[in-house]
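One structure is given below, encoded as structure tokens.
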Amino acid sequence: MGNWIINHGLTYFILVVWMAINIFLFLWFYFFYDLGDQFFYTRHLLGSALAWARAPAAVLNFNCLLILLPVCRNLLSLIRGSFMCCGRSLRKQLDKNLSFHKLVAYMIALMTGEILSVLAAIERSYDNLSTALSNLDDTENTTYLNPIRTTNLIPTYFVFTTIAGLTGVVITLALILIITSSMEVIRRSYFEVFWYTHHLFVIFFAGLVFHGAGRIVRKQITTIPPHNFTFCQNRSDDWGQIPECPIPQFEGGFPQTWMWVIAPMFLYLCERLLRFIRYMQTVRYRRIVMRPSKVLELQLIKNGFKMEVGQYVFLNCPAISQLEWHPFTMTSAPEEEFFGVHIRSAGDWTDKLIDIMQKLPEGAQVGLLRFLRMGVDGPFGTASEDVFDYEVSMLVGAGIGVTPFASILKSIWYKFKESNPKLRTRKIYFYWLCRETHAFEWFADLLQVLEKEMEERGMGDFLTYKLYLTQWDQSHVNHVIIRSDEERDVVTGLKQKTHYGRPAWDKEFEQVRKENPTSVVGTFLCGPEALGKVLAKKCAKYSDVDPRKTKFYFNKENF
């Protein structure tokens with residue numbers, strides 16, 4: 001239990017607080033509309049549907065306040081920088097921004113579904129009081145209670161001729177498209193569909209703001225002389241005839257949704273403005289290299305650009321798409337005069353970009369800016385920024401997920417070269433899992449340089465790296481067997497031989513704990529969710545509650 005608290009305690013505390021606020025808002029507004037005297041006559045027309053519709057609407061407002069904040073990347077980077085003096089557990093919560101964004105979206109969908117189900121179940125009553133309330137004279141159309149004034153009104157006509165009805169339809173349709181296109185299978189296979197439909201959030205928020213302008217939910221107001229509903233509810237024929245029962249007056253509730261969402265909408269507008277300013281800044285190509293396994297390396301230069309290890313940028317190529325921005329972790333080090341990314345073929349956008357670059361003649365990057373403009377937004381912080389805050393770090397990359405660790409390992413090389421006294425890290429364990437041998441090639445050169453540098457400085461134990469090949473054929477096996485006696489690995493050319501299969505994580509964690517009995521170990525992953533779940537469990541399993549012994553903190557890259 002103590003190990004679980006070390007890695008997940010603060011995350012679940014935040015979720016409990018969020019859920020508690022949702023429950024509080026639901027109950028508060030439910031009883032407000034279910035017990036409030038000003039809604040007595042409204043409840044008579046709508047029954048329990050009034051409270052059951054307004055309570056989830058309040059929860060929906062609260063979550064619409066939150067939904068944009070986790071995707072304000074510049075705001076999160078600013079907060080991360082402000083939290084550098086705080087504990088790593090607090091900063092680590094910022095890396096779960098997309099998970100929280102999805103959780104809030106699920107709550108919005110749930111509350112919207114609740115409202116729709118309640119509205120669909122409303123049954124109109126036709127007793128004397130209901131008839132009197134629906135037939136109240138109102139020459140100025142301001143003090144009525146029931147917006148449906150006739151019994152033969154078609155509901156569809158009412159929905160499409162009122163502000164509340166029309167905006168409600170728009171909100172619901174936009175939300176359905178946003179959520180269905182966000183499913184994992186669509187997002188990964190048809191990213192463009194996900195990208196474009198997700199921007200229906202503009203229509204969703206516009207509809208949300210104007211939804212309450214019709215003031216369709218109405219309440220009784222105080223009159224002189226006062227209308228006492230407890231005395232007058234059974235005397236509707238006497239309304240306006242006796243002084244004790246004047247005709248009741250009603251007004252629509254003041255629209256509140258805009259007050260919930262105006263601040264996050266303003267922050268997001270500032271976010272997009274900053275992105276546009278960055279997009280307009282000139283980006284120059286320094287070098288373009290096609291790596292094995294159809295991986296494109298871009299080295300770019302942008303005035304005033306400053307980065308930290310493990311950070312990522314969003315790239316936009318107008319020649320491919322004016323609106324699409326895609327995230328890529330930078331593989332360069334902060335000490336270098338450029339920033340670089342490695343782009344793997346993984347969809348229409350990346351395929352088109354790689355295809356354009358492959359057709360370029362040698363040395364064409366100098367004049368490339370004229371017809372292939374590249375927009376850059378960032379850099380943005382990730383969990384990997386904290387790697388040098390740990391004495392010991394475990395870096396785990398899968399496939400192209402090695403990119404943030406390329407930046408980290410390059411930066412370490414520069415720090416050793418410059419004898420940087422601020423380097424706290426004294427041990428790094430690096431694991432890279434790949435399906436094919438070609439994927440190792442572009443990264444092996446860096447590892448060879450580091451290997452040589454550590455040996456020359458007498459620090460051969462500083463970096464322990466293990467490369468795992470998870471798929472191979474018989475011809476490769478035969479090749480390895482024939483050359484098994486060679487000093488260097490036949491795949492990478494490194495002294496450390498390539499492992500075949502997948503790591504035995506229990507054995508690896510046990511070894512790290514044994515070699516670092518009193519250290520705080522940061523475990524960093526850039527790879528699939530399934531591997532993340534495994535490593536998170538191992539971190540909890542092998543962390544010791546005793547503060548004097550080994551503790552593992554799990555960190556995962558999220559885009």
If we keep only residues of region 24-70 that are hydroxyl-bearing (Ser, Thr, Tyr) and closer than 16 Å to Ile216 by Cα, then the residue most open to solvent (accessible area, probe 1.4 Å) is Tyr33
Cβ pairs under 8 Å, 6+ apart or interchain, first in region 509-522 and over 17 Å from Pro547 (Cα atoms) and in the same structural domain as Lys541 (by the TED database), second among the hydroxyl-bearing types (Ser, Thr, Tyr) and open to solvent by less than 70 Å² (accessible area, probe 1.4 Å), ordered by first then second residue, are Phe509/Tyr542; Glu510/Tyr542
Residues of region 14-51 being without any contact (Cβ under 8 Å) to a residue 12 or more places away in the chain and closer than 23 Å to Cys245 by Cα, in sequence order, are Leu35, Arg43
| message | Tell me yes or no: at least one residue of region 321-328 is in the same structural domain as Arg286 (by the TED database), in a strand (DSSP E or B) and within 20 Å of Lys410 (Cα to Cα). | response | yes
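Matching residues to (1) within 29 Å of Tyr33 (Cβ to Cβ); (2) under 30 Å from the mean Cα position of the chain (by Cα); (3) in contact (Cβ under 8 Å) with a residue 12 or more places away in the chain:
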residue: His211; (1), (2), (3): yes, yes, yes
residue: Ile247; (1), (2), (3): yes, no, yes
residue: Phe266; (1), (2), (3): no, yes, no
residue: Arg272; (1), (2), (3): no, yes, no
residue: Val283; (1), (2), (3): no, yes, yes
residue: Arg286; (1), (2), (3): no, no, yes
Of the residues in region 523-559, those that are open to solvent by 60 Å² or more (accessible area, probe 1.4 Å) and in contact (Cβ under 8 Å) with a residue 24 or more places away in the chain come to Pro528, Lys541, Val545, Arg548, Lys549, Phe559
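Being touching a helix residue (DSSP H, G or I) at 6+ places or on another chain (Cβ under 7 Å), open to solvent by 60 Å² or more (accessible area, probe 1.4 Å), of a type outside the set (Val, Ile, Thr) and farther than 30 Å from Phe40 by Cα narrows it down to one residue among Leu267, Leu273, Leu200; which is it?
Numbers: Leu273 fails: touching a helix residue (DSSP H, G or I) at 6+ places or on another chain (Cβ under 7 Å); Leu200 fails: open to solvent by 60 Å² or more (accessible area, probe 1.4 Å).
It is Leu267.
Criterion first (over 29 Å from Val118 (Cβ atoms), open to solvent by 30 Å² or more (accessible area, probe 1.4 Å) and among the small types (Gly, Ala, Ser)) does Ser189 satisfy it? Give the steps one after another, and end with the answer.
Working: over 29 Å from Val118 (Cβ atoms): yes; open to solvent by 30 Å² or more (accessible area, probe 1.4 Å): yes; among the small types (Gly, Ala, Ser): yes.
Yes.
The values are calculated or read from the model by the stated rules, or taken from the named source; none is laboratory data. Values in this document were obtained by computation on a predicted structure and should not be read as measured data. Quick reminder, even Gly has a Cβ in these numbers, built from the backbone with ideal geometry, and neighbours come from all protein chains shown. Heavy atoms of the whole protein, side chains included, go into the accessibility calculation; ligands, DNA and RNA do not. Shrake-Rupley method; radii C 1.70, N 1.55, O 1.52, S 1.80 Å.
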